[in-house]
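To start, the structure under review is shown below, and the notes come after it.
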Amino acid sequence: MVCHAYAKDIQLVETAIQHTFNLLFANEKFEDCERLLDPSIDMLKSLRRDDDAKATAQEAASLNNPTKAKSQATIAECSHVNLQLEYALCTCFILRAILCLRVSQNSKMTLDDQDMYISESFNWADQFE
């Protein structure tokens, strides 16, 4: 059950990102929040690409040998892992959107800069879908 262990690890990573973000956000360390989220999003996207490649390879193998029920079960397990991964990725997108909205509330910024951050927050929220 390697997939279940992997899913639990993804949940642990997601929880760690959330708690670290909350701590930094509460102390108004917005640049540190950005430095936390951007590499985290890149890492999770990379994991998603790797999982997609594995699922495609397994689907191709199952088409070549359709009598193996085990390969179909493996594909189902990978789909489960992808759900956990997508959930973690969406959490990071929402946190990034929240960060952009909070940064846009800085009274020292020009209106154009504030609009830019608000637009960026909508772009991050759109990736949530």
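Read-outs: derived from the displayed coordinates by stated rules, not from any lab. Quick caveat, the model's predicted, so the values are computed rather than measured. All Cβ positions, even for glycine, are placed from backbone atoms using ideal geometry, and neighbour counts span all protein chains on display.
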TODO: Give me Asp42, Asp51 ranked fewest to most by other Cβ atoms within 10 Å of their Cβ, as a rough exposure proxy.
DONE: Asp42, Asp51
Task: Whole-Hz couplings from phi, Karplus 6.51/-1.76/1.60, listed for the range 19-24; x for Gly and Pro - done: 5, 5, 4, 4, 5, 5
Task: Hull volume in cubic angstrom per residue (convex hull over the Cα atoms of the range 81-125) - done: 40
